[in-house]
Amino acid sequence: MLAAFALLGLSACSPAAPQGPETKTLKVVYQKTDSYTALDDVLKAAKAEFEAANKGVTVELEPIQANDDDYGTKLALSQRSAETAPDVFYEDTFKVRSDVDAGYLLKLDSYLASWAEWGSFTDAAKAAGRADDGGIYAVPLGTDTRAIWYNKTVLQKAGIAVPWQPRTWDDILEAARKMKAADPTLVPFNMYAGKATGEGTVMQGFYQLLYGTGSTLYDEQEKKWVVGSQGFTDSLQFLKTLYDEKLAVTPAEALDANVWKRVFGEWLPKGRMGATVEGSYTPSFWQKGGAYEWPGYAKDMGVAMFPTQHGRAPGGVSMSGGWTLAIGAKTENPDLAFTFLSTALNRKNALSFDVANSQIAVRSDVAADPGYQAANPFVKDVSALVSVTHFRPATADYPRISSAVQEATEAVITGKQDPAEAAASYDAAVKRIVGGDKVIEK
């Protein structure tokens, strides 16, 4: 006992053990899948670069293995508490305004004002991260366009000349019927539909149709959502025709959240599908190092602009979206978080991401880089579609509106409602979501 007390007394009188320099940790949350690793690679490079320049700061990369919708759900759950909220995170452009309203994003204007590289970003790209108050809350990684990607061999076997460029919706249906007649076992023309494929349903499907009718989802001038649109009903009718005539995938396949994996990894490479509506990032799946490497894709595949309903000017339609990096409003280290964000999005890392993920560059210096221009044989074609592209309404209400559109497409392809009924259900849903004073009939 005496020995124990002696030791205790000695310990109490001794000076405290010297502490090392203060350490800080940044948590970075982002999406990763078996077929999407481009961002993971870039963030690993940025982590090494950042930690080398910022001694005592550790970057914890926390990839979420999930599809777009599930990633968004898990990210939103993490934002509810300061204990789990990330410092830096991957954010879809269409969620920026709703997440700003929810208090999840840090305003970046003061940081961007002193970041020399911000001047290299295009004005349209900067707008992608802007909220209702005019402030910038997110910085884009890249953007994209949508087009028809078609297998030349499948079309030629059906007697369709390539390069192929349909002028109207009827041209698409006519070509799909020819492909079906030539080989009843293949999928002639894929357009996603239903809730399972989430935002892919509207961006790679329904909006190509809707905006080609002359109608829109949202009236920017009136700041109101459009209801009672004949174009909306016509778009659903096209999907009904495509699915009823078995020119697309089966409804059961359409309602599989992983159907896109078969499109990229099986049906197109093996000549079992004629065409699909997909993003400009498509080559990233097939190029060397991609999830579904296909050495012959550059020779076998072609790209066409999606036509308007009746061939009216400007002759085609595309949709653009994209992803950003944002800083959490609950971060305890905003200065360090922005330093990491700007490192991840510097010229070198932006070039690496845009090439690996077949993105359309949002930085002028990246767009002019020879390595970017030679990344894949379709860069020029998909970049040209920016001239006919449209963007989703970046409002806080949009995510719920999108869900209502997806429900309408699912009701039609499964036969639960005809196009007119599904359109009426959509109109009613919009009025419930935003209120009757925020809709316009046209």
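The values are calculated or read from the model by the stated rules, or taken from the named source; none is laboratory data. Worth saying up front: this structure is predicted, and the values here are computed from it rather than measured. A quick note on method: Cβ atoms are made from the backbone with ideal geometry, for glycine too, and the neighbour counts reach across all protein chains shown. With ligands, DNA and RNA removed, areas are computed over all heavy atoms of the protein, side chains included. Shrake-Rupley method; radii C 1.70, N 1.55, O 1.52, S 1.80 Å.
A few points about this structure:
- Note on region 177-186: residues that are open to solvent by 20 Å² or more (accessible area, probe 1.4 Å) and either farther than 17 Å from Lys240 by Cβ or assigned to a strand (DSSP E or B) (or both) amount to 6.
- Taking the conditions (1) at pLDDT 95 or above; (2) closer than 19 Å to Ala45 by Cβ; (3) not aromatic (Phe, Trp, Tyr) in turn, Glu332 satisfies each one other than (2).
- Scanning region 163-209 for residues that are over 17 Å from Val303 (Cβ atoms) and among the β-branched types (Val, Ile, Thr) returns Thr168, Thr185, Val187, Thr197, Thr201, Val202.
- Residue check for Trp169: open to solvent by 10 Å² or more (accessible area, probe 1.4 Å), aromatic (Phe, Trp, Tyr), over 29 Å from Ala367 (Cβ atoms) and at pLDDT 95 or above: yes
- When the test is whether a residue is in contact (Cβ under 8 Å) with a residue 40 or more places away in the chain, open to solvent by less than 50 Å² (accessible area, probe 1.4 Å) and over 22 Å from Val317 (Cα atoms), Ala248 does not pass it.
- Considered as a group, the residues in region 393-442 that are among the hydroxyl-bearing types (Ser, Thr, Tyr) and closer than 16 Å to Gln237 by Cβ include one that is surrounded by the most Cβ atoms within 10 Å (Cβ to Cβ), and that residue is Thr409.
- Of everything listed in (1) surrounded by 16 or more Cβ atoms within 10 Å (Cβ to Cβ); (2) more than 17 Å from Ser318 (Cβ to Cβ), the single unmet condition for Pro370 is (1).
- As for region 199-216, it holds at least one residue that is surrounded by fewer than 15 Cβ atoms within 10 Å (Cβ to Cβ), assigned by TED's automatic domain parsing to the domain that holds Gly279 and out of contact with any Pro (no Cβ under 6 Å at 6 or more places or on another chain).
- Scope region 309-318; condition within 17 Å of Val382 (Cα to Cα) and modelled with pLDDT of 95 or more; matching residues: Gly316, Val317, Ser318
- For Phe206, the stated conditions hold: it is under 24 Å from Gly72 (Cβ atoms), of a type in the set (Phe, Trp, Tyr) and in a helix (DSSP H, G or I).
- When Ile327 is tested against the conditions (1) within 24 Å of Asp92 (Cβ to Cβ); (2) surrounded by fewer than 23 Cβ atoms within 10 Å (Cβ to Cβ); (3) at pLDDT 95 or above, the lone failure is (2).
- Lone qualifier among Val227, Val154, Val162 - being crowded, with 19+ Cβ neighbours inside 10 Å, more than 14 Å from Thr276 (Cα to Cα) and more than 23 Å from the chain's Cα centre (by Cα): Val227
- Among (1) in the same structural domain as Ala45 (by TED's automatic domain parsing); (2) hydrophobic (A, V, I, L, M, F, W, C); (3) touching a residue at least 24 places away in the same chain (Cβ under 8 Å), the one test that Leu351 misses: (3)
- Candidate set from region 29-51 (those that are outside any helix (DSSP H, G or I) and not hydrophobic (A, V, I, L, M, F, W, C)); member that is surrounded by the fewest Cβ atoms within 10 Å (Cβ to Cβ): Asp34
- Screening the candidates Glu174, Glu220 for the property of being modelled with pLDDT under 95 and open to solvent by 10 Å² or more (accessible area, probe 1.4 Å) yields one hit, Glu220.
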